[in-house]
Amino acid sequence: MGKLFILLPSILLFLTGIPVTGHAQKIVETDTVYTYEMMQEDLRFLDQEYGDLIEVFETGKTPYGRHLYLVKLGYGDAHVFYNASHHAREWLTTILLMNMLEEYAKAYQTGSDIQGYNLKELLHQTTIWMMPMVNPDGVTLQQKGLSAFPKSVHQQLIQFNEGSRDFKRWKANAEGIDLNRQYPAGWEEIEATRPSWKNYKGTRPFQAKEVQTVRDLTYILDPQITLAYHTAGQIIYWNYNIEPKFIERDTRIAETYSRMSGYRLVETRTGSGYTDWFNVQFKRPGLTPELGVYPGERNVDPTYFPEAWKRNQLAALYMAEEGFQLSEKISNPRKEGNDVIYADGRFERDILPSDAMSLYQQILYIKRNYSLHIEQAVKLYSWYKGCEGKCSMNDPVLSAIFPPLKKFQQWETKRTVNAFHTWKIKMNIPIDSNSVHGENIYILDSQLNRVDIQIVPLIDEIAIKPPKGGYKPGTYTLYIKEVRSRKNAVMKTPVEMQFRVE
Ligand SMILES: [Zn+2]
């Protein structure tokens, strides 16, 4: 009888498809021509399957409207960033990242080790960010040819391809720009050519939309380590002008990756590639592993994948672990918190896309001023990219990005207010005068500058005296929040009130 009770639940579990350990079904196919559409579908499945361990973000679009995806794996405060398929014909690298995503997530969920690396531990220390396909237009052109593009551009694409309709050799994006010759690290020295299937550096660094997204994300993620996967030659490009004081650290890390993967180290001479820029701009380790044996001017065949996996599976985990070690050495980690954020006029000015700053600069500013977590900053970036030109403060997505966001209740606007008017705000119960200060009660002018007012707490009233010399003519907004009662009850609803001084 006892046996029956033990067996029955496990049979039920099996029949209802809830696996007892591990996932029987593999999501990512590794032995095939792996397309943008397959990646999209796999990302959807993986996102569903692994809850908040994996999060998928749309972080912009290509010139032909394909999404640029960023994926988060893990929960750690240390961050590393791996990207793939800068070069169209090198989509084997996308398979590598997608397979990593699935295998690492699976090991996390089942609590298993991958040859000594405990994924549960590792992914609580380090978050691995992946951009599995930097160049989806190019990859699609390389795999499917002209049929995947509007007729109106066929002649131009053929011209970029030197008259050929066979796109197997294609490396660039669909505008004929080589995305890995777009970074300002030795860019000037690269020979200027014309749009082409390979090697065209563009008219300026960061010209291509795809590369702008990679740049922005690198600033936002601020990773300790980056890996940019390519496929030609079973080598690792590294060391583009690394500063002498970092050479020992970076040599040790590059040599370890080399030992684990069996790829030979080659010092970068050309420049203008992603990790060259990362080395120079961030002064941190960035490596460019070239996965396959050079197959000539075409893609590496997916039958090579098991070999690439064997060589890189652990090395990428080592890099995540190393990212954690490096982040631990930073003596003053940036404070990240979740303080309540009040949506006053300054918040609105800060959040809506600004012409004065580029998006990533704006996000870095917001991140600092509003103590955003990196994941929130990525959500904000994704929001900007999605609402392009039409971003509104009323978008409910904003409350998801800023979970503790509070809006002010609007009182009716007061017109024709005297320049020397003293506002008196009456409360229903006696107030704690310690909560009556400029952080909680303030007036902003129409330029969103603080007005130098005097705030006087009375028993159950607050007097707000005008600035010396009175208000200048104009529109002002008074904000009141977080005033406490003597029994420590906090004001329920923050309020704002506009007034006009003639
Ligand atoms: Zn490449």
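The values are calculated or read from the model by the stated rules, or taken from the named source; none is laboratory data. The shown structure was predicted, so the numbers you read here are calculated from the model rather than taken from an experiment. Methodologically, a virtual Cβ is constructed for each residue, glycine included, from the backbone with ideal geometry; neighbour enumeration extends over all protein chains shown.
A few comments on the model shown:
One line per residue, one yes/no per condition, for (1) in contact with a Pro (Cβ under 9 Å, 6 or more places away or on another chain); (2) within 28 Å of GLY273 (Cα to Cα):
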residue	(1), (2)
ASP77	yes, yes
ALA84	yes, yes
THR94	yes, yes
SER112	no, no
LYS120	no, no
THR126	no, yes
TRP129	yes, yes
MET133	no, yes
VAL153	no, yes
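- Identity of the residue in segment 35-94, among the aromatic types (Phe, Trp, Tyr) and under 13 Å from the mean Cα position of the chain (by Cα), that ends up nearest to the ligand (Cβ to nearest atom): TYR82
- Pairs are defined by a Cβ separation below 8 Å, a sequence spacing of at least 6 or placement on different chains, a first member in segment 413-430 that is surrounded by 13 or more Cβ atoms within 10 Å (Cβ to Cβ), and a second member that is aromatic (Phe, Trp, Tyr) and not in a strand (DSSP E or B); the pairs so defined are VAL417/TYR471; ALA419/TYR471; HIS421/TYR471.
- One residue alone among ASN180, ASN173 is more than 19 Å from GLY296 (Cβ to Cβ) and either within 16 Å of the ligand (Cβ to nearest atom) or surrounded by fewer than 14 Cβ atoms within 10 Å (Cβ to Cβ) (or both), and that residue is ASN173.
- Filtered by the rule that a residue be under 19 Å from ALA419 (Cα atoms) and free of Cβ contacts under 8 Å to residues at least 60 places away in the same chain, segment 443-460 gives ILE443, ASP445, SER446, GLN447, ASN449, ARG450, VAL451, ASP452, ILE453, GLN454, ILE455, VAL456.
- Residue match in segment 213-235 (condition: free of Cβ contacts under 8 Å to residues at least 60 places away in the same chain and either under 18 Å from the mean Cα position of the chain (by Cα) or within 26 Å of ILE177 (Cβ to Cβ) (or both)): yes
- From the options TYR117, TYR183, residue that is under 30 Å from MET319 (Cα atoms), in the same structural domain as ALA315 (by TED's automatic domain parsing) and modelled with pLDDT of 95 or more: TYR117
- Long-range neighbours under 7 Å by Cβ, at least six apart or interchain, first residue farther than 22 Å from TRP187 by Cα within segment 256-269, second surrounded by 14 or more Cβ atoms within 10 Å (Cβ to Cβ) and among the β-branched types (Val, Ile, Thr): TYR257/ILE236; SER258/ILE236; TYR263/ILE235; TYR263/ILE236; ARG264/ILE235; LEU265/ILE236
- Single match in SER164, SER196, SER152 (criterion: surrounded by fewer than 24 Cβ atoms within 10 Å (Cβ to Cβ), at pLDDT 95 or above and within 16 Å of the ligand (Cβ to nearest atom)): SER196
- Screening GLU297 with (1) surrounded by fewer than 18 Cβ atoms within 10 Å (Cβ to Cβ); (2) free of Cβ contacts under 8 Å to residues at least 60 places away in the same chain; (3) part of a loop (DSSP other than H, G, I, E, B) gives one miss only, at (2).
- Selection of segment 441-471 for residues being touching a strand residue (DSSP E or B) at 6+ places or on another chain (Cβ under 7 Å) and either in a loop (DSSP other than H, G, I, E, B) or not hydrophobic (A, V, I, L, M, F, W, C) (or both) yields TYR442, ASP445, SER446, ARG450, VAL451, ILE453, GLN454, PRO457, ASP460, GLU461, LYS465, TYR471.
- Residues considered: THR226, THR231. Of these, the only one that is closer than 30 Å to LYS120 by Cβ and buried (at least 21 other Cβ atoms within 10 Å of the Cβ) is THR226.
- Evaluating GLN362 against the criteria (1) modelled with pLDDT of 95 or more; (2) of a type outside the set (A, V, I, L, M, F, W, C); (3) in the same structural domain as TYR442 (by TED's automatic domain parsing) leaves one unmet condition, (3).
- Considering only residues in segment 394-409 that are touching a Leu at 6+ places or on another chain (Cβ under 7 Å) and without any contact (Cβ under 8 Å) to a residue 60 or more places away in the chain, the one that is surrounded by the most Cβ atoms within 10 Å (Cβ to Cβ) turns out to be ILE401.
- Search result, residues across segment 271-294 that are small (Gly, Ala, Ser), within 14 Å of the ligand (Cβ to nearest atom) and not in a loop (DSSP other than H, G, I, E, B): GLY292
- Any hit, segment 319-334, residues being surrounded by fewer than 18 Cβ atoms within 10 Å (Cβ to Cβ), at pLDDT 95 or above and not in a helix (DSSP H, G or I): no
- Filtering segment 147-169 to residues that are over 26 Å from ASP42 (Cβ atoms) and either under 31 Å from the mean Cα position of the chain (by Cα) or hydrophobic (A, V, I, L, M, F, W, C) (or both) leaves PRO150, VAL153, LEU157, ILE158, PHE160, ARG169.
- Of all residues in segment 385-406, none satisfies being within 22 Å of PHE499 (Cα to Cα) and more than 26 Å from the chain's Cα centre (by Cα).
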